[in-house]
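The values are calculated or read from the model by the stated rules, or taken from the named source; none is laboratory data. Keep in mind that what you see is a predicted model, and the values were worked out from it rather than measured. Neighbour counts run over all protein chains shown; Cβ positions are idealised from the backbone, glycine included. Just so you know, the surface numbers come from the protein's heavy atoms only, side chains and all, with ligands and any DNA or RNA stripped out. Shrake-Rupley method; radii C 1.70, N 1.55, O 1.52, S 1.80 Å.
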Amino acid sequence: MTTILFASMLLFFIMNVPIAIAIGLSSVAAIFSSGAIPPIVLVQKMFTATDSFPLMAVPFFILAGSLMEFGGISRRLVDFANSIVGRFSGGLAFVAIIASMFFGAISGAAVATVAAIGTILIPAMVRRGYDKPFATAVQATAGTLGVMIPPSIPMIIYGVLTGVSIGALFMGGILPGILVGFSLMFVAWLISRKKGYRGDEKASLGKIFGTFKEAILALLMPVIILGGIYGGVFTPTEAAVVAVVYGFIVGFFVYKELNIKQLKDIFVTTVIGTAMIMFIIATSSVFSWILTAQQVPQAVASAILSISKSPIVILLLINLLLLFIGTFMETVAAIIILVPVLLPVITQIGMDPLHFGIVLVVNLAIGMVTPPLGVCLFIGCSIADIKLEDITKAVWPFILIMVVDVLLLTYLPCISTIVPKLAGLY
């Protein structure tokens with residue numbers, strides 16, 4: 001049954017079948033091959049997987065991100081970031097990364113971050129003389145901060161699967177997100193100095209204050225969302241609803257850049273994005289259930305532990321596996337499939353599940369910008385109107401520094417756990 005499961009999935013991948021459908025069809029093939037499992041189980045497992053209150057946060061965070069994009073909030077974040085760091089060598093690259101960190105603290109999604117910030121900054125960088133591959137690589141990798149900086153949709157999925165506090169996971173992602181953000185800025189600075197990408201003139205205090213005043217309502221949004229969660233005012237799901245209401249009021253009544261006609265497109269985008277994620281969750285849960293029923297997690301744990309008893313070596317192997325899986329599998333699907341497999345391993349070596357969750361998310365985020373199937377790369381290339389092969393060389397320095405960050409997060413667990421512990425959430 002396990003052989004048919006993996007063989008059929010590999011076949012569907014080769015045939016370029018979409019990831020959710022490939023996982024679902026391979027699960028169907030495995031179930032029918034057994035002859036002992038009623039097909040109705042497939043439907044029951046799919047329904048149960050999506051029938052979860054915490055998962056309701058997913059569509060609301062997607063909707064909130066769209067409202068931010070169309071409501072002028074992303075542009076104001078860009079203007080504020082530019083007034084602060086625009087004067088440095090490679091200043092617009094810094095702006096892209098910092099604005100992505102701000103926007104990630106609102107949307108919780110990488111693709112939304114690339115789309116919202118990239119549509120503004122990739123053309124702006126090109127107009128200032130930055131080459132398209134570099135500008136696109138900066139924005140694509142910066143977009144991954146959307147799933148590291150809280151709130152984060154992948155962290156919500158991980159929390160639902162493992163029972164780890166979603167609030168603690170959000171807090172745990174703060175320092176790793178900042179670490180990755182500053183690492184990307186360092187690489188962008190080195191490349192910009194080498195290529196002669198100069199910054200703007202130093203902004204006056206008046207201009208900085210003016211852009212801050214314009215962006216204050218946007219900057220308050222993550223404070224309200226995260227402050228409400230950590231203060232016990234509302235759950236992460238309720239926080240997503242608050243984000244939607246806040247984003248609508250600011251975009252429609254304050255900035256007045258939202259209108260009724262735009263709402264239709266925003267809702268359609270949200271429905272499509274939610275349907276894709278939920279379908280992946282549904283089919284992946286069946287796949288994961290079959291793996292668990294066939295005791296694959298125990299077999300994988302035994303195999304990894306048989307290679308070495310050293311936690312250092314085992315964690316390195318897990319990282320290599322996650323980096324490999326992330327290059328060709330969608331993040332949500334990878335989390336649902338891999339968590340039941342790897343959890344017994346990290347439990348045996350004494351790794352904190354909260355720490356593992358952060359390492360898992362950051363690892364898979366790298367897959368979003370790793371050729372040939374990095375989804376953030378495709379979004380960036382679409383905005384810049386270039387081919388994937390054009391960006392491949394430019395993105396590797398950023399990928400390498402992110403891998404270094406993953407190793408730091410892996411072997412220095414305090415980076416992920418100190419903030420939630422200090423906050424009393426873990």
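With the checklist (1) assigned to a helix (DSSP H, G or I); (2) under 24 Å from SER165 (Cβ atoms); (3) without any contact (Cβ under 8 Å) to a residue 40 or more places away in the chain in hand, flag the one item PRO297 doesn't pass. Among (1) assigned to a helix (DSSP H, G or I); (2) under 24 Å from SER165 (Cβ atoms); (3) without any contact (Cβ under 8 Å) to a residue 40 or more places away in the chain, PRO297 violates only (3). Flag: PRO236 matches the condition of being within 27 Å of LEU220 (Cα to Cα) and not charged (D, E, K, R). Restricting attention to region 113-141, which residues are under 19 Å from ARG75 (Cα atoms) and open to solvent by 10 Å² or more (accessible area, probe 1.4 Å)? Within region 113-141, ALA115, THR119, ILE120, PRO123, ALA124, VAL126, ARG127, ARG128 meet the criteria. Select from region 182-197 the residues that are in contact with a Gly (Cβ under 8 Å, 6 or more places away or on another chain) and open to solvent by 50 Å² or more (accessible area, probe 1.4 Å) and list them in ascending order. Listed by number, the residues that qualify are TRP189, ARG193. Listed by first and then second residue, the pairs with beta-carbon distance under 7 Å, at least 6 apart or on different chains, first residue in region 113-142 and over 12 Å from ILE383 (Cα atoms) and basic (Lys, Arg), second open to solvent by less than 50 Å² (accessible area, probe 1.4 Å) and part of a helix (DSSP H, G or I), are ARG128/LEU92. Once region 209-218 is narrowed to residues that are open to solvent by less than 30 Å² (accessible area, probe 1.4 Å) and closer than 30 Å to PHE234 by Cα, the residue that is modelled with the lowest pLDDT is ALA218. Checking the stated criteria, SER66 turns out to be more than 17 Å from ILE280 (Cα to Cα), assigned to a helix (DSSP H, G or I) and not charged (D, E, K, R). Just to be sure, is ILE290 closer than 30 Å to SER26 by Cα, open to solvent by less than 40 Å² (accessible area, probe 1.4 Å), of a type outside the set (Asp, Glu) and touching a helix residue (DSSP H, G or I) at 6+ places or on another chain (Cβ under 7 Å)? Taking the combined requirement at face value, the residue satisfies it.
Residues considered: GLY163, GLY206. Of these, the only one that is without any contact (Cβ under 8 Å) to a residue 12 or more places away in the chain, open to solvent by 10 Å² or more (accessible area, probe 1.4 Å) and closer than 16 Å to HIS355 by Cα is GLY163. Reported count of residues in region 14-44, each being over 19 Å from GLN295 (Cα atoms) and buried (at least 16 other Cβ atoms within 10 Å of the Cβ), is 6. Residues being outside any helix (DSSP H, G or I) and at negative phi: count how many of those fall in region 343-376. Selection size over region 343-376: 10. The residues in region 30-56 that are in a helix (DSSP H, G or I) and either under 11 Å from PHE287 (Cβ atoms) or of a type in the set (Ser, Thr, Tyr) (or both) can be counted, and the count is 10.
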